[in-house]
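Enquirer: The following block contains the structure, expressed as structure tokens.
The values are calculated or read from the model by the stated rules, or taken from the named source; none is laboratory data. It should be emphasised that the depicted structure is a prediction, and the values quoted were computed from it without experimental measurement. A quick note on method: Cβ atoms are made from the backbone with ideal geometry, for glycine too, and the neighbour counts reach across all protein chains shown.
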Amino acid sequence: MPRPTAAQLAYGSCTVILSTLAMLLLSQTSSGAGIAVIAVAALLLGLLVAMTAPLPKRAPAPARRTATGVAAPPRATAAREPVRESTAS
């Protein structure tokens, strides 16, 4: 499993904090069970947000340069035929 990026950690943490505050203010609960349910729901929501955040894309390979400084076209990968030895003696 890949390690989470800094952006994923930030998105997840902000989601947990803000959703917990919003749910506590909107529900106006004061019981321990209600607060526990809200905390668990906020943690699950933060995990969901962190795991669905897009991963960074790989940078493209740099272009090869020739001695003149002009970018060279990419090399074609031509399939080489095996060398066939003659059986005539």
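Enquirer: Does Val40 fit the bill of being part of a helix (DSSP H, G or I), modelled with pLDDT of 70 or more and out of contact with any helix residue (DSSP H, G or I) (no Cβ under 8 Å at 6 or more places or on another chain)? Reasoning before the result, please.
Expert: On the way: part of a helix (DSSP H, G or I): yes; modelled with pLDDT of 70 or more: yes; out of contact with any helix residue (DSSP H, G or I) (no Cβ under 8 Å at 6 or more places or on another chain): yes.
The answer is yes for Val40.
Enquirer: Mind listing whichever residues of region 16-30 are modelled with pLDDT of 90 or more and hydroxyl-bearing (Ser, Thr, Tyr)?
Expert: Of everything in region 16-30, those that are modelled with pLDDT of 90 or more and hydroxyl-bearing (Ser, Thr, Tyr) turn out to be Ser19, Thr20, Ser27.
Enquirer: With the requirement that a residue be without any contact (Cβ under 8 Å) to a residue 12 or more places away in the chain, surrounded by 12 or more Cβ atoms within 10 Å (Cβ to Cβ), under 22 Å from Met51 (Cβ atoms) and of a type in the set (Gly, Ala, Ser), what does region 1-34 give you?
Expert: Ala10, Ala22
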